[in-house]
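Here's the structure, in structure tokens; my notes come after.
The values are calculated or read from the model by the stated rules, or taken from the named source; none is laboratory data. Worth saying up front: this structure is predicted, and the values here are computed from it rather than measured. When we count neighbours, we look across all protein chains shown, and the Cβ atoms used for this are built from the backbone with ideal geometry, even at glycine.
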């Protein structure tokens, strides 16, 4: 009996010092910095786990694995989905929207927008780099209602003309994406709050569109400039930092026209390295903001330093 009582006492004593269950989860996914007089907030929508060894296209079959191993990364690769909020002082501009709650690993951009101190009702303008689902899915909720009731949505007319066109006239592989684009844009189209633009265009003071056609028919990047400071939001100009910065020639199966996408990427890499400005990239590890420095035939990625704006 004494032994039993002692065992109970010891077990009770040990349980009092047992570690709690692991909490899991992650901190709210937003990061903020100043850009001249502008404020830029990166919003993480979550991650995709991508088989990048199968998706990336290169003449060297071992290159992707070597580059990932060099960066201590594995396959499938945890790949960020980022959106960016630019406050110009006059307008609140959202660049891409992430995905809606299609699966448990993505769909957090709206939650993180609210956590960052803003509401969807405050967003004035939404600029879409291209109409793939991880860039436009967050425009509507599960019931098909507009998430941003006061925003004007803008994209290049070549992009909207393709994805909002007649599916019967498009390649079969694009028809699912067309159906999704038409679904999520519907409330904005019906309300007259979708406005296409033509190529290089200043959209609001300090923010302009630059055509980079190739990844999709109307893929567009956006440039924010305030005073001497500049940031360019690249959308899907590239996907895998560990591979494509060192080897800009590597393309991805998601490109609708790889032969056009590659020189667009190479030109923007060169310009960013020469100009020394920040870039924000949808699929580079959150917050996806950094600078480039030439490194041999490729580039070195230098992530933004964590600080308080």
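General remarks:
Here is a yes/no grid of residues against (1) surrounded by fewer than 18 Cβ atoms within 10 Å (Cβ to Cβ); (2) within 20 Å of the chain's Cα centre (by Cα); (3) over 22 Å from residue 258 (Cα atoms); (4) without any contact (Cβ under 8 Å) to a residue 12 or more places away in the chain:
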| residue | (1), (2), (3), (4) |
| --- | --- |
| 180 | yes, yes, yes, no |
| 186 | yes, no, yes, no |
| 194 | no, no, yes, no |
| 202 | yes, no, yes, yes |
| 209 | no, yes, no, no |
| 222 | no, yes, no, no |
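- Total residues in region 113-131 satisfying the condition of being surrounded by fewer than 24 Cβ atoms within 10 Å (Cβ to Cβ) and either touching a helix residue (DSSP H, G or I) at 6+ places or on another chain (Cβ under 7 Å) or not in a strand (DSSP E or B) (or both): the figure is 11.
- Condition check for residue 254: on the phi < 0 side of the Ramachandran plot and surrounded by 21 or more Cβ atoms within 10 Å (Cβ to Cβ): no
- Checking 147, 240 one by one, the residue that is touching a strand residue (DSSP E or B) at 6+ places or on another chain (Cβ under 7 Å), farther than 16 Å from residue 130 by Cα, surrounded by fewer than 22 Cβ atoms within 10 Å (Cβ to Cβ) and modelled with pLDDT of 95 or more is 147 and no other.
- For residue 218, the conditions (1) under 24 Å from residue 46 (Cα atoms); (2) part of a loop (DSSP other than H, G, I, E, B); (3) touching a helix residue (DSSP H, G or I) at 6+ places or on another chain (Cβ under 9 Å) all hold with the exception of (1).
- Within the option set 117, 165, being at pLDDT below 95, over 17 Å from the mean Cα position of the chain (by Cα) and more than 26 Å from residue 54 (Cα to Cα) holds for one residue only, 165.
- Filter pass, residue 47 being part of a strand (DSSP E or B) and at negative phi: yes
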